[in-house]
Amino acid sequence: MPKDAGAQSQPKQRKPEATSPDEVMDLKAAADFLKVSKPTFYRWLAQGKLKGFKAGQQWRFYRRDLERFLETEEPAIIPTGVDDIEQAVAAARKARGLPPIAWNEPGQLLSPPSGAETPEESVIPRVASTIIADAIDARASDIHMEVNADGARVRYRIDGVLNEAMTLPRRAQAPIVSRLKYLADMNLAERRVPLNGRIRVRHHGNDYDVRVTTLPTIYGEAAIMRILDQGSVPIGLERLGLSPQTRQAFERKLREPQGLMIVTGPSGSGRTTTLYSALNLVNSPRAQILTIEDPVEYQLRGVMQVHVNRKAGLTFAVGLRTFLRCDPDVIMIGDLRDLETAEICTQAALTGHIVLTAMLPSEAVGAITRLVDMGVEPFLVGASLTTVLAQRLLRKVCPSCKTEYKPSPAVLRRIGTSDEEIAHAKFCHGAGCDQCVHTGYYGRTGVFELFEMNDRLREMIARRPSADDLRAAAVEAGMVTMLRDGIEKAKQGITTIEELLRVLALYHG
Ligand SMILES: [Zn+2]
């Protein structure tokens, strides 16, 4: 065991008060003062975490700088007695049939960090990397690391639903979050305000972009991470779960010379993937395509993508105005939330551009009433808008444990199907297996409703109709609601009625 490792397990002792903050220490004294080994001390020095100066060939440190470091960085220091942290991770992994943490080959996510020379020192980096690696292996889109009175809780969002992954001792939270912040190149000393950063990781030969956000909570700093898979962009209108009729109608509008096309739904409903899939369809060397996004989530070859930068004054509206001088064929605006942006969108859609954008209302007609409520002239909405595609993501029944079942009569009543309609349905659900981490679901598909403008609906919008009236008219004109689309998918055994009810809970209030 390296000689300094023993020192770490002793309680921290400050030198007597009599010592002046101007006291100058050499490197060994400074490392002893911080109760860390020399290699760790050197690493922190190389990382710029510690401030020192050179006296000839020797490093010297002011005591006040070391004290400030302890005040701001202390939780980043490896806690002593880390066995319980390691055991908690091993127990959580064992429950999922995984071995205790182990390093992978160099260059991969789980490769050991350089410079950590004692097992104790490497525990926190190892646990932090394991949390990310396990999330990727479990197909998680997000990682939530929060701390409360019971401990540090790690949850993974898989197919849109949060699942508990592990609970660690409470004191593991601060050093793990510090490690994540370090990896994400964030300010370690700032714990009072939310921060953003990103970690680029390589795992099993694939590259991932992990967006890290930290939040100060009453129990300590929480970290929320979004995992973006740079390797496999799951785009393509044929892969979203659109019914053939809906897809054809949507593609037809996309190939027209102009028009406003809105994709709507709450965040996490798959709108961005749909927008990228639409851009992918019209992307060709002859088309000029511009996007303004916050943030740019996937890079599309041949498309000019712009990041919103509010601090620098680059808002959706400013970007959009500039775009119109660049003679684009297709414009994508990541988010339509304000009147100024909405007005420029409608104008652009009336002057020879396809304008694609996303809104938040939960149903197709909701996007239209929202635009009018924002203050866009109803006749402009009617004139510019060609389609609104509303959508949600449903979990698909796991193919490895799929079995036929009969949903309860109460559940069937809630969706309002008739006996004859379901007579030939093949309802399926998942019994639960290792493949789907015992959730019964694996992967997701969309449910959609496509509002298509026609003369009658255009006239109606000019009279500022209620959402109910507009919806009834749209259904009469042939719109298949998300509920109907979802029932069809449940009848084919793609998803379950229960999942449909869960996802559409907000639907129609
Ligand atoms: Zn399964």
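Just so it is clear, none of the values below were taken in a lab; they were calculated from the coordinates. Small disclaimer: the values here were computed from a predicted structure and weren't measured. In this analysis, Cβ positions are derived from the backbone assuming ideal geometry, glycine residues included, and neighbour counts consider all displayed protein chains.
Okay, here's what the table says:
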item: Angle in degrees between helix 119-137 and the longest Cα principal axis of the chain, rounded to the nearest 10; result: 10 degrees
item: Note, ³J(HN,Hα) from phi for segment 451-457, Karplus 6.51, -1.76, 1.60, rounded to Hz, x at Gly and Pro; result: 8, 10, 5, 9, 4, 5, 5
item: Hydrodynamic radius (Kirkwood) for segment 83-229, which is based on Cα pairs only, to one decimal in Å; result: 15.2 Å
item: Where no second cysteine Cβ lies under 4.7 Å, the cysteines concerned in the chain; result: 326, 345, 428
item: Rg(Cα)/(2.2 N^0.38 Å) for segment 310-395, N = residue count; result: 1.10
item: Amide proton proximity set for residue 59, modelled H, under 5 Å, gap of 5+; result: 27
item: Least to most buried among 345, 398, 433 (fewest other Cβ within 10 Å first); result: 433, 398, 345
item: Unsatisfied cross-links (Cα-Cα over 18 Å) in the set 49/181; 396/489; 402/491; 28/181; result: 28/181
item: Amide H contacts under 5 Å for residue 160, placed H, 5+ residues apart; result: 141
item: Estimated dipole of segment 155-280 in Debye, rounded to 20 [Cβ of Lys and Arg +1, of Asp and Glu -1, Cα centre]; result: 260 debye
item: Separation in nanometres of the label points that stand 7 Å from Cα toward Cβ, at residue 327 and residue 406; result: 6.7 nm
item: Relative contact order (%) - criterion: Cα under 8 Å, at least six apart; region: the chain; result: 10 percent
item: Within the chain: Cβ-based charge dipole about Cα centre, in debye rounded to nearest 20 (Lys, Arg +1; Asp, Glu -1); result: 740 debye
item: Selected from 380, 461, 227, residue furthest toward positive end of dipole (the chain; charges at beta carbon); result: 227
item: On Cα atoms only, tilt of 482-491 relative to the major axis of the chain in degrees; result: 80 degrees
item: Segment 219-347: C-alpha gyration tensor shape, a/c 1.5 cut-off, then a/b vs b/c; result: oblate
item: Estimated vicinal HN-Hα couplings, Hz - segment 289-302 in sequence order (Karplus 6.51, -1.76, 1.60; Gly, Pro = x); result: 10, 10, 10, 10, 9, 9, x, 6, 8, 9, 9, 10, 4, x
item: Beta bridges per DSSP with both ends in the chain, % antiparallel, nearest 5; result: 70 percent
item: Given charges at Cβ of Lys, Arg, Asp, Glu: the chain dipole, positive-most of 433, 357, 59; result: 59
item: Along each principal axis, Cα extent of the chain, largest first, Å; result: 86, 57, 41
item: Rounded tilt (10° steps) of 467-476 against the dominant C-alpha axis of the chain; result: 60 degrees
item: Residue exposure sequence - 460, 261, 332 - by fewest surrounding Cβ within 10 Å; result: 460, 261, 332
item: Extreme residue, positive dipole direction of the chain, given options 367, 158, 504 (C-beta unit charges); result: 158
item: Segment 184-237 and segment 370-401: distance between their alpha carbon centers, rounded to Å; result: 29 Å
item: Residue 193 paired with residue 258, simple spin-label distance in nm, labels 7 Å along Cα-to-beta-carbon; result: 4.4 nm
item: Per-residue Cβ neighbour rank within 10 angstrom, fewest leading, 229, 469, 83; result: 83, 469, 229
item: Whole-Hz ³J(HN,Hα) from phi, Karplus 6.51 cos²θ - 1.76 cosθ + 1.60, for segment 268-280, glycine and proline x; result: x, 9, x, 4, 4, 4, 5, 4, 5, 5, 5, 4, 4
item: Segment 50-70 and segment 276-325: distance between their alpha carbon centers, rounded to Å; result: 48 Å
